[in-house]
Amino acid sequence: MALGSPSAFGMDLEAIRRAYARYAPIYDHTFSWMLARQGRRLAATTAAARARVILELGVGTGLTLPLYPADRRLVGIDISPDMLALAQRRARERKLGQVAGLSLMDAGNLAFCDASFDAVVAAYVMSVVPEPAAVLAEAARVCRPGGDIVLVNHFAGETVARRRIERALEPLADWLGWRPAFGFEELMAGSTLRLVERRPLAPFGLFTLVHLRKPA
Ligand SMILES: C[S@@+](CC[C@H](N)C(=O)[O-])C[C@H]1O[C@@H](n2cnc3c(N)ncnc32)[C@H](O)[C@@H]1O
């Protein structure tokens with residue numbers, strides 16, 4: 001779509017795959033520092049605190065993989081074969097024994113049984129997928145009752161100034177490949193997950209750690 005034309009985030013899975021085929025070769029040298037590193041570390045430690053078997057949605061190039069303790073069992077999925085190939089290479093080259101599997105899969109249609117995991121993580125994924133509430137519902141389905149769901153994401157700001165900037169950027173959502181004005185309330189609408197913690201991350205609170213729990 002043309003830069004600047006209005007959009008309601010029309011990226012389908014094929015468009016996302018194409019976008020990440022372009023990003024994959026440069027991802028670790030750009031997004032790895034642009035997207036707060038602290039967020040990945042906190043997501044991994046929060047998820048691992050009460051979990052042995054963990055699923056990571058949109059695992060990307062696998063930047064989070066070495067951050068999980070060695071005695072956990074980690075399964076990662078991603079829709080982009082190019083990003084996933086880099087995660088597989090990272091796990092192989094760094095001999096990451098905690099990685100039990102890395103598979104090509106849509107986070108909105110997971111091929112896992114209900115309650116398969118103790119925790120589910122999605123770092124910088126929710127504003128990239130066309131239907132974030134459906135992805136959250138899938139995360140909740142495959143998480144065991146009493147288990148944790150940990151997200152790191154940019155959510156629309158609560159200050160007037162930030163909201164203005166985000167609304168101005170929203171027509172570029174398809175071009176950017178993510179939704180600047182995506183709100184936390186939109187994600188949680190209709191969800192039965194309980195909010196444990198919502199913590200803005202440094203610098204500037206541009207990203208937020210959200211810790212949710214599935215009712216037991
Ligand atoms: C911004 S990257 C984040 C990658 C990684 N979590 C990180 O922290 O660097 C978003 C990732 O989500 C993946 N993704 C987008 N839509 C997806 C979907 N429907 N199912 C699975 N993965 C998806 C993309 O391919 C990409 O690897």
For this session: Could you identify the single residue in Leu195, Leu187, Leu201 that is of a type in the set (A, V, I, L, M, F, W, C) and out of contact with any strand residue (DSSP E or B) (no Cβ under 7 Å at 6 or more places or on another chain)?
Result: Leu187
Exercise. How many of the residues in region 26-57 are closer than 23 Å to Pro203 by Cα, touching a residue at least 12 places away in the same chain (Cβ under 8 Å) and not basic (Lys, Arg)?
Worked result: 14
Problem set entry | Filter pass, Gly157 being part of a loop (DSSP other than H, G, I, E, B) and either open to solvent by less than 40 Å² (accessible area, probe 1.4 Å) or in contact (Cβ under 8 Å) with a residue 12 or more places away in the chain (or both) | yes
For this session: Among the residues of region 111-153, write down those that are touching a Leu at 6+ places or on another chain (Cβ under 6 Å) and not aliphatic (A, V, I, L, M).
Result: Phe117, Tyr124, Pro132, Glu138
For this session: For Leu67, state whether it is free of Cβ contacts under 8 Å to residues at least 40 places away in the same chain and of a type in the set (A, V, I, L, M, F, W, C).
Result: yes
Problem set entry | Residue within region 162-180 that is modelled with pLDDT of 95 or more, within 16 Å of the ligand (Cβ to nearest atom) and closer than 27 Å to Gly205 by Cα present | no
Problem set entry | Members of region 52-83 that are open to solvent by less than 10 Å² (accessible area, probe 1.4 Å) and more than 14 Å from the chain's Cα centre (by Cα) | Tyr68, Leu74
Exercise. Any idea how many residues of region 74-89 are touching an Asp or Glu at 6+ places or on another chain (Cβ under 9 Å) and either farther than 16 Å from Tyr27 by Cβ or basic (Lys, Arg) (or both)?
Worked result: 3
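The values are calculated or read from the model by the stated rules, or taken from the named source; none is laboratory data. Predicted, not measured: the structure shown is a model, and the values here were computed from it. We place every Cβ from the backbone using ideal geometry, glycine too, and count neighbours over all the protein chains shown. Ligands, DNA and RNA are excluded from the accessible area calculation, which covers all protein heavy atoms including side chains. Shrake-Rupley method; radii C 1.70, N 1.55, O 1.52, S 1.80 Å.
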